[in-house]
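The block underneath contains the structure these notes are about, expressed in structure tokens.
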Amino acid sequence: MINLDMCYSKEVQATTGTTIISFSILYYIFYSLKYHATQKKWLSPFLKYITVTFLCIGGHQIFEFLALLTNNQIIYKVGLVVSISSMYFALRSLEILLNRNLRSKVSLFVIGLVALYIFTINMSFEPYSFYLRHNSGFIWASAWMLLFIYFHICALKGYKLLKNENAKKTIIAYLLATFDISFILSAIYVLWGYSQFSVNVCTDSPSIWCTFYVVQVFALPIFLSSIPRILDRPENKTTQTLKQTILYITISIVILGVLISTLPFFKCLSLKFVFP
């Protein structure tokens, strides 16, 4: 069992949030100058959206720190909205990378519904170990995961559309550099923690993932340095059809439903948890 007397989540959230924000700003300044000298004009807006994606995650960590410090629900809820907003900016960066309209504004609709929901209910949270427990965050976390799955489906579809092998490898590197390294590490930790000291997947995994996200700031510059050399994005802009968008969203919902209903550690799910 974790000794709550040894809880240091406030310090961890402040440290990880500050690290993510600081490195993101430094990368933006450095690579803005570097990309300005290239002929690939799309690199600058791509960098902007990638940077904002990281700032949203880092900002969420800072809001978690402030929420724990003040026990203020408004601060906590703003942090949740800031966090899920990262998926819109991630989708925008992917659109630029693929030169393809992925109908990223669909994510704004989801984010808006989540914001409306969380600001109309009471939500509880608490410090635990090195992270924050989201005791009332199931809807928010599910919407976050829905957009995360949709983002990956769009990226993998883009991978199939690319003809050049180096360009295809760029998409895999992009996924690893932006989200997937921290996601894999946090999933391993959660599974191990569930079996060893009863980590609660529903309440604990979102904050654990966000905390582990700090590792992405060390992977990102490798990707940003290599992308001008290895990727020639498609010259002609394409558009994901409405039919494809509906299909990908439907697939995302099905995958999310399967995860929630079949994974044994989601037994923590209950109506009380969904509707506090």
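Values quoted throughout were computed directly from the atomic coordinates according to the rules given, and no laboratory measurement underlies them. What you see is a predicted model; the values in this text were computed from it and never measured. Backbone-built Cβ (ideal geometry, glycine too); neighbour counts: all protein chains shown.
With axes computed from alpha carbons, what is the tilt in degrees of helix 73-98 against the longest principal axis of the chain, rounded to the nearest 10 within 0 to 90? Helix 73-98 sits roughly 20 degrees off the main axis of the chain. Taken about its Cα centre, the chain carries a charge dipole of about 1120 debye when Lys and Arg each add +1 at the Cβ and Asp and Glu each add -1 at the Cβ.
Within 14 Å, Cβ to Cβ, of N164, how many net charges do the neighbouring residues add up to if Lys/Arg are +1 and Asp/Glu are -1? Walk me through the numbers on the way to the answer.
On the way: positive: K160, K163, K168, K169, R229, R233; negative: E165, D232, E235.
That works out to +3.
Over the chain, DSSP H runs of length four or greater, each weighted -39,500 (n - 2.57), average out per residue to a 222 nm ellipticity of -24500 deg cm²/dmol. Each Lys and Arg adds +1 at its Cβ and each Asp and Glu adds -1 at its Cβ; summed about the Cα centre, region 77-200 shows a dipole of about 500 debye.
Angle of helix 165-175 to the longest C-alpha principal axis of the chain, folded into 0 to 90 degrees and rounded to 10: 20°.
Using only Cα positions of region 4-274, each an equal point scatterer, no hydration layer, compute I(q)/I(0) via Debye at q = 0.11, 0.13 Å⁻¹ and quote the log10 values to two decimals. Normalising to I(0) and taking log10 leaves -0.62, -0.87. For the chain, the residue among H36, Y8, V190 whose Cα projects farthest onto the positive side of the dipole built from Cβ charges is H36.
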